[in-house]
Amino acid sequence: MTQHTPILIVGAGQAGAMAAAALRSLGYGGRIVMAGGERHAPYERPPLSKSVLADVEQDGKIGVHPPSFYADQDIELRLGACVTALDATRHVAQLADGSAIGYDACLLATGGNARVLPALPPGTPHVHYLRSLDDAARLRHAMQRAGELVVIGGGFLGLETASTAAGMGLKVTLIESAERLLGRALPPELGTWLADRGRAQGVTLHLGCSIEVCGTSGDGVHLQLAGGAVLRAPLVVVAIGLSPEVTLAAGAGLALHPQNGGIQVDERCRTSAPDIHAAGDCCSQYQPLFGTEMRLESWQSANEQARIAAASMLGVDAGPTALPWFWTDQFGCNVQMLGAAHPDIRYDWRGFAAHADATPKFMLLGTCHGRLRHAIAVNAGGDLRQLRSLVGHDVSAHLARLCDDTLPLRQVVRERQPEADRSITL
Ligand SMILES: Cc1cc2nc3c(=O)[nH]c(=O)nc-3n(C[C@H](O)[C@H](O)[C@H](O)COP(=O)(O)OP(=O)(O)OC[C@H]3O[C@@H](n4cnc5c(N)ncnc54)[C@H](O)[C@@H]3O)c2cc1C
């Protein structure tokens, strides 16, 4: 690489900031320019629906790196700098201010945007979407003034928002078009358990319920549900998923996944264009554990893909890929999971807790043809770590003991695990 032409990172979010750090820790001494469309230095998004939504004091505490990191590491952080076009042949990026940056290698870490409900687009009075720190600050301000909130969407983001709002004393109603919560991510038994827990904490749930008509008036939003019920709310949050931000990639002619819309990358996070990598929520990658290409919208996946992309840009080996891991905090439960749900998985419980328990603790172990594919821990993250080495392996002979919560998990895992397969990492 030439001395002055930088590695350009487009997107100053989780993946961008972690990739910049990885480039330096791998010994890259050349220029790194990171262009971010937001005015904030890279920050972590998970707290936006949790602590940040409830407490203004948290706003300044969520940086991916300490504020001095970028100067200390000689990373040129350009904030409020939106890249508007990418010429993949000439290796040049255009910025909204009219300037251009030539690059040796480029990482697209452009994340995604909240999916829009056409009837209630962003900007509609009383209606909020939650993706950025500015969104969270606006929503918090509105929540502190409204006594009531309607959340549209019963995915992780909708549930976390509902949980935080209920904790702040708001009367919360959540509308979900599917018959159960988190249907694609969690087994039905846990979706139902979380629904009961949410109800016990005062959240009204409308499941299997579509919105037929919506409108706004001076004092709020009215929603007419299928079946005729009408809800009126001074405040509505729409949380119906994410669209990957692929405008630059599409404009540059990069291959996109035909179904999930993400930028297609290989196992080293290389896109279809030479010298352009992609990482994080914007990209779609083959996941060996699930046998399919998918977008993993998670903090851990953004970090992992950033690490792999940085190594690939420098032509060094990234080492083994970590298992997909995700967490959510809602209704007093820290839910962590390794692997992911699949329709063919069968779940067994390790322990059980009533939904009204003050400190529930249990696990669900999901196996497919005897192999552990999905392990979920409710307030039992330490136990989940014990299972890491078993994911992807046949546990059929040991499942009964793994599910016996009178036995220490560490001991059962050691018994099960022959030396030979400790090294297998999916
Ligand atoms: C409210 C909320 C709660 C979450 N909670 C959890 C959780 O509990 N657990 C979990 O695992 N994950 C959670 N996530 C998901 C996790 O935060 C994301 O998966 C992660 O932030 C993805 O990182 P990223 O770098 O791909 O995208 P982002 O962090 O979104 O960063 C992308 C950045 O690129 C910028 N950008 C886009 N286009 C351009 C352009 N053309 N020019 C310049 N800049 C551009 C954007 O402005 C943005 O700042 C949550 C997400 C949200 C929004």
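Some values worked out for this structure:
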quantity	calculated
Ellipticity estimate at 222 nm from DSSP helix runs (n ≥ 4, -39,500 (n - 2.57)) divided over the chain, nearest 500	-6500 deg cm²/dmol
Distance in nm between pseudo-label sites at Gln300 and Ala226 (7 Å out along the Cβ direction from Cα)	3.5
In order through region 35-43: 3J(HN,Hα) via Karplus (6.51 cos²θ - 1.76 cosθ + 1.60), integer Hz, x for Gly, Pro	9, x, x, 7, 8, 9, 5, x, 9
Cα centre as origin, Lys/Arg/Asp/Glu Cβ charges: region 1-145 dipole, Debye	380
Residue-normalised accessible area of the chain, given per residue in Å² at a 1.4 Å probe	43
Extreme residue, positive dipole direction of region 1-100, given options Ala96, His4, Pro66 (C-beta unit charges)	His4
Region 332-423 - percent of accessible surface contributed by carbon and sulfur, probe 1.4 Å	48
Within the accessible area of region 116-238 (1.4 Å probe), percent carbon and sulfur	51
Unit charges on C-beta of K, R, D, E only; dipole of region 332-423, Debye	180
Efficiency of FRET from Cβ geometry, Leu79 and Ser210, R₀ 51 Å, rounded to 0.05	0.80
Extension gain, Ala137 back to Asp317 (0.36 nm per residue minus Cα-Cα distance, nm)	60.7 nm
Among Ala119, Ala279, Ala255: highest mean-square fluctuation, GNM of the chain, C-alpha pairs under 10 Å	Ala119
Relative contact order for the chain, counting Cα pairs under 8 Å that sit 6 or more residues apart, in percent	14
Fraction of beta bridges assigned by DSSP in the chain that are antiparallel (%, nearest 5)	60
Förster radius 41 Å - calculated FRET efficiency between Asp104 and Glu179, Cβ distance, rounded to 0.05	0.20
Interchain or long-range residues, amide H under 5 Å from Arg115's placed H	Ile240, Gly241, Leu242, Ser243
Chain lengthening between Arg145 and Ser51 when straightened (0.36 nm per residue, less Cα-Cα)	32.1 nm
For the chain, built as a Gaussian network whose Cα springs stay under 10 Å, the top-fluctuating residue of Leu53, Leu170, Leu26	Leu26
Reach of Lys171 by Cα under 19 Å, taken over lysines that are not fewer than 8 positions away in the same chain	Lys50
Cα centroid of region 236-268 to Cα centroid of region 172-198, whole Å	26
Long-range HN-HN contacts of Glu212 with modeled amide H, under 5 Å	Gln224, Leu225, Ala226
Residue with peak Gaussian network fluctuation, the chain [Cα springs, cutoff 10 Å], from Ile276, Ile211, Ile32	Ile211
Within the chain: Cβ-based charge dipole about Cα centre, in debye rounded to nearest 20 (Lys, Arg +1; Asp, Glu -1)	400
Gain in span if fully extended, Arg388 to Trp349, counting 0.36 nm per residue against the direct Cα distance	12.3 nm
Given charges at Cβ of Lys, Arg, Asp, Glu: the chain dipole, positive-most of Thr110, Ala397, Ala252	Ala397
Of all accessible heavy-atom area on region 1-108, the percent that carbon and sulfur account for (1.4 Å)	52
Dipole of the chain [Lys/Arg +1, Asp/Glu -1 at C-beta], most positive-end residue of Leu235, Ile276, Leu26	Leu235
Cα centroid of region 295-364 to Cα centroid of region 100-140, whole Å	24
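The values are calculated or read from the model by the stated rules, or taken from the named source; none is laboratory data. Since we're looking at a predicted model, the values are computed, not measured. Cβ sites come from the backbone with ideal geometry, for glycine too, and all protein chains shown count toward neighbours. What goes into the accessible areas is simple: the full protein's heavy atoms, side chains included, and nothing from ligands, DNA or RNA. Shrake-Rupley method; radii C 1.70, N 1.55, O 1.52, S 1.80 Å.
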